[in-house]
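Have a look at the structure below, then the notes.
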Amino acid sequence: METGAALLLLVALLGKSSAVSFYGDSISFSPLQMNTDGRYKVTFFHRENGRNDCQNQASLFCEGGVCMDLDESDTLRTDQDSSGQGRWCQTEKRTTATFQANGTSFTLRDSGCCWPSNVDGKITWMSHAELDLGIRSDSYRINNCPVTATVSSLRVPQNCFTQLRLLAHDPDGDAVRCRFASDATTNFTLDENTCTLRSTGKLQPGVHVFELMMEDFSTKNITLTYADGSIVTREASNMNLPPLCKLKLNFLLEVISPTSSCVAADMLPMFLSRTPSHGDVLHASVGQTFQLYAQAQAQNAQIQSFQVSGPHNMTQEFRTESNGKAEVTMSWTPNEMDVNRLIPVCFTAETATTQSEMRCVIIMVSHSTFTQGKATVQCLPNKMTVVLDKASMPDVSEEFLSLRDPSCTLTTNGTHIVGTMSFSTCGTKLEDKGDYIVFKNEIHSIERSDEVIIRRNMVKIDFFCEFSKTISVSNFYSLHQADYIFTESSFGSFGYSFEIFRDSNFTNRVEPNAYPVQIKLMEMIYLGIQAMSELPNVTLFVESCKGTPDNNPDNPIYYDLIKNGCVKDKTLKVHPSNQTLYNFEIQSFKFNGYYDQVYITCSVILCEPGNPFSRCAQGCLNEPSRRRRRELSMETTGHYITQGPLQLVGSAGPSVAKEDKRINVAPKSDMSPEVKYPPVVPETRSNGEYWRFTEIFASNITTVFFASGFILSLVLLAVVVRHFSRRRRAEDLDFLIEDKFEK
């Protein structure tokens with residue numbers, strides 16, 4: 001972007017005393033508008049975090065008289081520590097300005113002093129936002145910036161930090177990249193694609209300061225048209241080009257003294273299933289009260305409150321319940337000035353010393369009330385079906401409705417609209433709700449890019465299947481035996497099955513009610529992938545396979561079996577099969593640490609037969625950069641399919657757990673008597689090394705035994721040989737003496 005042509009807004013600090021308590025800030029925008037006279041109207045909201053009573057916060061104004069019709073609200077407090085200790089507070093201020101653009105971008109800045117005393121030694125801070133003013137060819141609107149925020153005060157015990165998920169939602173569906181805007185804090189890393197903060201070592205106690213830049217890049221090829229008539233092209237997902245928006249997020253994380261337990265729902269509060277998931281998009285209508293519920297539990301620490309980062313006038317109703325549970329109801333009524341806003345709301349559950357994970361959602365405000373319709377959901381072991389009554393949604397046609405993944409289609413029988421999907425397709429998301437596992441999807445309205453006006457109600461229907469974490473093996477693990485069903489325009493409907501077999505014949509598969517499959521370390525596992533398609537003679541290609549300790553294919557702990565079509569594990573053997581079948585075997589393994597399960601996730605592709613330019617024809621690519629751009633007529637997109645779990649057992653041979661015993665699907669506190677923990681194993685560097693040591697030790701004993709026997713045999717043989725040799729010499733000597741006397 002041309003920073004020389006940017007419009008600069010500076011923020012002045014009215015009091016230095018307040019700046020000392022700067023805990024971070026965030027900026028969000030309402031959609032920019034272009035007036036008929038060529039000027040732009042921008043409305044932005046500045047949230048600032050601090051402590052005490054949030055007095056004398058920054059005041060925003062336009063510099064140089066460039067802005068006109070400036071309208072600023074008062075600095076309004078949105079949240080404050082209710083304990084009386086002044087640990088946190090947050091304010092929000094709205095500013096609306098009209099400006100004449102003399103370039104292709106709009107820049108907003110804010111700077112001041114000071115951060116609180118911190119281990120990074122940072123003093124001054126700066127906020128920054130830079131927006132591209134081009135009209136997008138895909139939406140006919142100016143680009144929207146990512147939406148983000150944090151609560152005022154984030155803290156974690158030194159021994160309990162695993163990760164911090166930050167909100168990075170893009171209204172246009174662009175890819176958001178997060179990066180450190182300044183030097184990274186020691187022992188922290190940032191996943192740029194998921195905007196997740198993780199640790200790389202022991203954290204130093206004290207305050208850690210973070211300055212992150214969020215940037216969005218279109219996932220489609222688009223053009224940007226500017227007020228002066230110039231046009232610029234943006235290639236899909238090309239992060240070497242300038243981003244469409246740059247938005248800075250400032251926050252701090254306090255690392256406190258270690259706690260006695262890091263188990264969720266013990267000392268650290270854990271959110272329960274009634275709480276929305278991180279990143280959920282919720283809907284509110286102007287003039288109607290919107291309510292958001294959050295529920296958490298901490299059995300051995302009292303939840304005293306919830307910390308909330310939200311819009312002004314959002315009220316909280318806090319309630320405590322039995323068994324260490326607490327709940328908050330957040331209520332807010334949007335007005336006309338909130339129309340078309342995407343408002344971030346973040347919250348944590350607070351005890352006297354600790355807090356839960358931070359969750360953030362987005363509230364989308366509109367004039368219209370979304371049509372919910374009358375829907376029923378059928379939950380089966382491996383898929384769900386949603387059925388909508390068309391009579392409950394007058395004037396709504398299925399052609400304007402879509403699932404979360406638009407490549408999946410909805411059908412109709414005239415009176416009902418039907419959608420069927422497995423738990424891993426059509427954009428279905430797996431959410432860990434604390435005490436439940438939820439598979440979620442939605443049906444929403446489609447707005448076509450060539451439509452100037454619409455005369456139909458907007459539809460937003462969320463549906464889900466919910467499973468308790470403590471369920472029978474036969475009910476839960478059959479979820480991982482699902483057939484994977486996909487739909488793409490060039491290939492129609494197609495699917496995959498991913499099975500575990502009992503031997504190398506690949507004919508006797510392990511039944512769904514026999515999961516988890518119990519295996520012994522270093523035994524062979526037999527797996528098979530089968531493709532099924534409406535088109536004849538398609539070719540299956542397995543581009544990658546990797547093992548993870550859980551069913552999250554994005555787990556940072558993984559082991560590559562196949563990568564870029566190349567076999568990476570020396571024990572993996574591919575068996576001859578036809579073009580839609582991929583059978584392979586691999587020696588079992590485990591992950592270092594207290595993991596006793598392995599999941600296998602593969603990325604698979606279908607290709608046109610005989611096409612020399614398809615991904616299937618390319619085979620193994622040791623240099624991924626050689627991969628050419630996919631063409632829809634040649635191949636499908638890559639789809640992930642998962643199999644497991646493979647459960648490692650001690651001395652048992654390859655078998656399956658047939659009994660319908662109770663299990664705990666995910667790590668959980670000991671608050672339930674039904675929770676079962678993995679068997680205790682000797683404390684070695686890894687379980688795998690322990691079994692290897694056992695085998696070597698046993699082998700050495702056997703070797704010593706046989707070697708000793710062999711040596712003893714040699715000794716006895718030597719004694720016998722010597723005995724007979726001496727006897728033979730004695731006989732020879734007697735013979736010589738007798739012969740001499742005879743002569």
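Taking the stretch 201-250, which GluC sites (Glu not before Pro) meet the DSSP loop condition and have no more than 14 other C-beta atoms within 10 Å?
Here the sparse-neighbourhood loop sites are Glu235.
Would you calculate the separation in nanometres between label points at Lys202 and Thr353, each defined as 7 Å from the Cα along the Cα-to-beta-carbon direction?
Using points 7 Å along Cα→Cβ, the separation is 1.9 nm.
Between the stretch 199-249 and the stretch 289-305, what is the separation of their alpha carbon centroids in Å?
34 Å
For Val119 and Thr289, calculate 0.36 nm times their separation in residues minus their Cα-Cα distance, and state this gained length in nm to one decimal. Working shown, then result.
Details: separation 170, 0.36 × 170 = 61.20 nm, distance 4.30 nm.
Net length gain for the segment: 56.9 nm.
For Lys520 and Val339, what does the FRET efficiency come to when R0 = 45 Å and r is the distance between their Cβ atoms, rounded to the nearest 0.05? Spell out each step's value before the answer.
Details: r = 62 Å, r/R0 = 1.38.
Rounded to the nearest 0.05, the efficiency is 0.10.
How far apart, in nm, are the 7 Å Cα→Cβ label points at Glu321 and Asn35?
5.2 nm
Going through the stretch 279-357, which GluC sites (Glu not before Pro) have at most 12 other Cβ atoms within 10 Å and a DSSP loop state?
Those satisfying the criteria are Glu321.
Each reported figure results from applying straightforward, stated rules to the coordinates on display, with no laboratory input. Everything numeric here is computed off the predicted structure, so don't read it as measured data. Counting neighbours? That spans all protein chains shown, and the Cβs are built from the backbone with ideal geometry, glycine included.
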